[in-house]
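The values are calculated or read from the model by the stated rules, or taken from the named source; none is laboratory data. Here the structure is a predicted model, which means the values were calculated and not measured. Cβ coordinates were reconstructed from backbone atoms using ideal geometry, including for glycine residues, and neighbour counts include every protein chain displayed. Remember, those area values only see protein heavy atoms, side chains included, never the ligands or the DNA or RNA. Shrake-Rupley method; radii C 1.70, N 1.55, O 1.52, S 1.80 Å.
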Amino acid sequence: MCEVKVCATDGCKKLYINPKSGKEKHRKRVGSDEIPTTNVLALSTIIQSLEARKLGTITDVEFDEGFWDVELLKRGQGIELVIDPMTGEERS
């Protein structure tokens, strides 16, 4: 099952999608701790920065408790990073 977060003026929802058929299975509203504030770097900018560093293949990205949680896979090994949405830097 794939998760996709969709945001509009009335809030955000997580859509759960069947990866083979592309059909939506169900959806749910997400809490405000899962929604980035408006004055942060675009997720695409953060992703491009991580890809340029060649840390591995990004397998999952989720916004949680004010930070981007990024999961990568490199040579069969899982790597987890916590990224500051304001700076794009790893949280230590």
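Here is a check on your reading of the model: is residue 41 touching a residue at least 24 places away in the same chain (Cβ under 8 Å) and in contact with a Ser or Thr (Cβ under 8 Å, 6 or more places away or on another chain)?
In short, yes.
Show me the strands (runs of 3 or more DSSP E) entirely contained within the range 31-89 in which 3 or more residues are modelled with pLDDT under 90 and open to solvent by 40 Å² or more (accessible area, probe 1.4 Å).
57-64
In the range 1-30, what residues are surrounded by 10 or more Cβ atoms within 10 Å (Cβ to Cβ) and hydroxyl-bearing (Ser, Thr, Tyr)?
The answer is 16, and nothing else.
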